[in-house]
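All of the numbers you see were taken from the coordinates with simple rules; none came from a lab. None of the values given here were measured: they were computed from a predicted structure. So basically every Cβ, Gly included, is an ideal-geometry build from the backbone, and we count neighbours across all protein chains shown.
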Amino acid sequence: RVAAAPVRDGLVVDAAEEVLPLLLRQLSAFAASGADFAVHAGDAVCGGSSFQQEGGEFETTLRLYRSLEASVLGTSWPVYHLPGNHDIHPSGGGTRAWRKAMCANASRECDAAQPWGHACDATVHA
């Protein structure tokens, strides 16, 4: 008898439409409680080469995630974003698409030579 292969990241990937709104509501409550900021430690989407996602779908999903986050949290409460291994472009590699989506209105960015050595503050300062 052969055991069935486990579903990779099954809860988050298969239930993203339920999990993401819940996480964003919890993050909003955290912000409302007086927290100063949050750190998003990566893997905003299921990109990278392991999910066989098309480049266009990857880029659209990143923009959608950031839009949903901004609609729940606004743009004045700081969320510091770090790219994870699934935030690497599935066909072109690198973090350019991630930076474009997640840091488009960033007040601060810090870039390093390492592929994951990039962070941005998604707060919009006028």
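Be a star and scan segment 23-40 for residues whose amide nitrogen sits under 16 Å from the point 7 Å along the Cα-to-Cβ vector of Ser76. Output list for this probe position: 31-37. Inter-label distance, Asp36 to Arg96: 3.6 nm, where each label sits 7 Å from its Cα along the C-beta direction. The simple Förster model, with R0 at 25 Å and r as the Cβ-Cβ distance, assigns Gln26 and Arg63 a FRET efficiency of 0.65.
In terms of the mean number of neighbouring beta-carbon atoms within 10 Å, the peptides 93-103, 28-38 order highest first as 93-103, 28-38. Neighbours of Phe30, meaning other residues whose beta-carbon lies under 15 angstrom from its beta-carbon, give a summed charge of -1 when Lys and Arg score +1 and Asp and Glu score -1.
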